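Contents: one structure, followed by commentary.
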Amino acid sequence: MKTKNILKGLLVLGSVALLIPSCTNLDEELYGRLTPDSFFQNEEEAVSSVAGAYNYFARMFQAGGDGWRSAEYGTDELMCPGRSNGGWLDENVNQMMRHEVVPFNDRLNGLWNCIFPGIGLDNSLIETFEASPLKEQLKGVIAEVRALRAYQYYYAMDCFGNVPICTDARISTTNLPATSPRADVFKFVVEEFKAAIADLPSVKDVDASYYPRFTKESAQAALAFVYLNGEVYSGTAYWKEVVDLCDAIINTGAFALEERVGDCFRADMEGKTKEVITAISVDKSKGVDGNQFILYAQHATDQQKYNLPFAPACGYCFDDTALNRYEEGDERLELLEYGPQFYLDGTPIMDPDHAGQQLVLTTIKDFIAAENKEGYRVLKYTPIGASFAGSDGNNDYIVERYSHVLLMKAEALVRLGQNLDTALDLVNQVRNRSELDDWTLSELTLENIERERANEFIWEGKRRPDMIRFGSYFNSTWSYKKTVTPEWRGIYPIPGQQISANPNLKQNPNYN
């Protein structure tokens, strides 16, 4: 957040199942040593305090953390093979990519610890605000934090299914939180988003200085996606609710597609693009972690191509499975690096591992010892126009875009079998932006909608829930996943480390 962060020194504590592992005082732990008298004296201080909650939320989108990559591993669009130089090989990652995860998986434990400490801080802030004499003035701020907490519980529900619902800032170690069924967590997330929507300001009622805080439309877009997957989470479909929420966003008239998809991810477009609904501000000078997608994903030769102060580490990539979904002429292909590589002036880039040869990025041939040229790269967070502190770029993380609202409404209408002409127009708006021809009604199928979503949102954290909703997560195979997956693997196991710390947690079915 581009606000003064007054949470320095805040102790984020909690039960051993919901907290930072270094905590040792377990008689009655608090998520924050805050009181209405000592924490803030006015609304401005209260607003500033929410910066810490946004920082925790950002962990779900950082390239180097277990949040974003755990939400993408196991799909057909993100892989991280071991390299021939010995780098990157990680059996914890391989388990996720093969759909063979076991409870004691360090990446999953990292994902858990990415989510729940933030929930603990949210609980502490909400309790403090609710007890404040300024409570009535803080309705919008309370709604912000409730939306942040709902978002984080959504990620917990999506990844782990059955998780504890805890809204207390103080947890006794003699009464640690127990697991709640996924359907109950879904109900909680829905109600929290609804409560936040009621009190958050609309994008129509705030000025540019409010960016990038949550608006009413941020919460509506998030809830629409929760509802889009509602049948997976609860057994009941919510297609009409998806349409209604998307209409509420569309009818503001505040959002529009940018001329090019890549414009949404440019550092020089922050706070200016009408397509971005929700973003997380990245500003290293203000203590907010930088954007490291370039570091983790790109080939080392991009250091010279973009005059970077570091050499990218050649990690995350994808292969022909995702590349072959794109149609010839799709402008979104310009956001991907594949095939022969060139400098910005058109000069061929030479392969440092093959003297005298041009660098040609190929599909992945060896998942254990891949050459550095193997694997294609996604370059949505362009380094052009960005600044870097070491390997940290200043491109804001993009959480939600208007194109997603259009495609969510289109899918929901198709599933309802209603207003198909409207659904077709919504999809064609997105396709036309990428220089693609209109679909006809006969092409408006769920299979095609899944493909269009995959092409539009590659590496934006939506592919795993999409594949589960459409069924392709289970019944499709690709280069790394060779067999059909049983549906119980649609949720991950509760990390064994967390169950060891809190015996009230119950392991998910088939993982014992």
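What follows is calculated from the coordinates using simple rules that are stated; it is not laboratory data. These figures come from a predicted structure and were not determined experimentally. Cβ coordinates were reconstructed from backbone atoms using ideal geometry, including for glycine residues, and neighbour counts include every protein chain displayed.
Key figures for this structure:
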read-out	value
Separation of the Glu136 and Glu231 label points, Cα + 7 Å toward Cβ, nm	4.6
Expected 222 nm ellipticity per residue - DSSP helices of 4 or more, -39500 (n - 2.57), all of the chain, to 500	-11500 deg cm²/dmol
Across Lys409/Lys481; Lys187/Lys272; Lys194/Lys462, pairs whose alpha-carbon gap is larger than 26 Å	Lys409/Lys481; Lys187/Lys272
Amide hydrogen neighbours beyond the local backbone of Leu361, cut-off 5 Å, H modeled	Gly339, Gln341
For segment 159-253, fraction of C-alpha pairs farther apart than 18 Å, in %	55
Footprinting exposure proxy for Trp112, Trp478 (fewest neighbouring C-beta atoms within 10 Å first)	Trp478, Trp112
C-alpha center-to-center spacing [segment 460-484, segment 54-125] in angstrom	17
Scattering profile of segment 44-133 at q = 0.15, 0.17, 0.18, 0.19 Å⁻¹ [log10 I(q)/I(0), Debye over alpha-carbon scatterers]	-0.66, -0.77, -0.82, -0.87
Amide H contacts under 5 Å for Ser180, placed H, 5+ residues apart	Val163, Ile165
Efficiency of FRET from Cβ geometry, Tyr511 and Ala254, R₀ 41 Å, rounded to 0.05	0.40
Residue-by-residue Karplus 3J(HN,Hα) for segment 422-431, coefficients 6.51, -1.76, 1.60, Hz, glycine and proline x	5, 4, 4, 4, 4, 5, 5, 4, 5, 5
From phi via Karplus (6.51, -1.76, 1.60), per-residue ³J(HN,Hα) for segment 68-82 in Hz, x at Gly/Pro	4, 6, 5, 6, 10, 4, x, 9, 8, 10, 9, 9, 9, x, x
Relative contact order for segment 267-322, counting Cα pairs under 8 Å that sit 6 or more residues apart, in percent	23
Fewest-first sequence of Asp122, Asp302, Asp168 by Cβ atoms within 10 Å of each Cβ	Asp168, Asp302, Asp122
Neighbour-count ranking [beta-carbon atoms within 10 angstrom, fewest first] of Val206, Val484, Val282	Val484, Val206, Val282
Ellipsoid semi-axes in whole angstrom, largest first, where each is sqrt(5λ) of the Cα gyration tensor of the chain	34, 27, 25
The chain - percent relative contact order, Cα under 8 Å, separation 6 or more	19
Order by protection proxy (mean Cβ within 10 Å, highest first), peptides 360-373, 57-70, 431-444, 179-192	57-70, 179-192, 360-373, 431-444
Beta bridges per DSSP with both ends in the chain, % antiparallel, nearest 5	90
Karplus-derived 3J(HN,Hα), 6.51/-1.76/1.60, for each residue of segment 298-313, Hz, glycine and proline x	7, 6, 4, 5, 5, 4, 6, 4, 10, 6, 7, x, 7, 9, x, 9
Label-to-label distance, nm, for residues given as Ser442 and His354 (7 Å Cα→Cβ offset)	4.3
Between segment 213-258 and segment 302-380, the Cα center-to-center distance that results, in Å	35
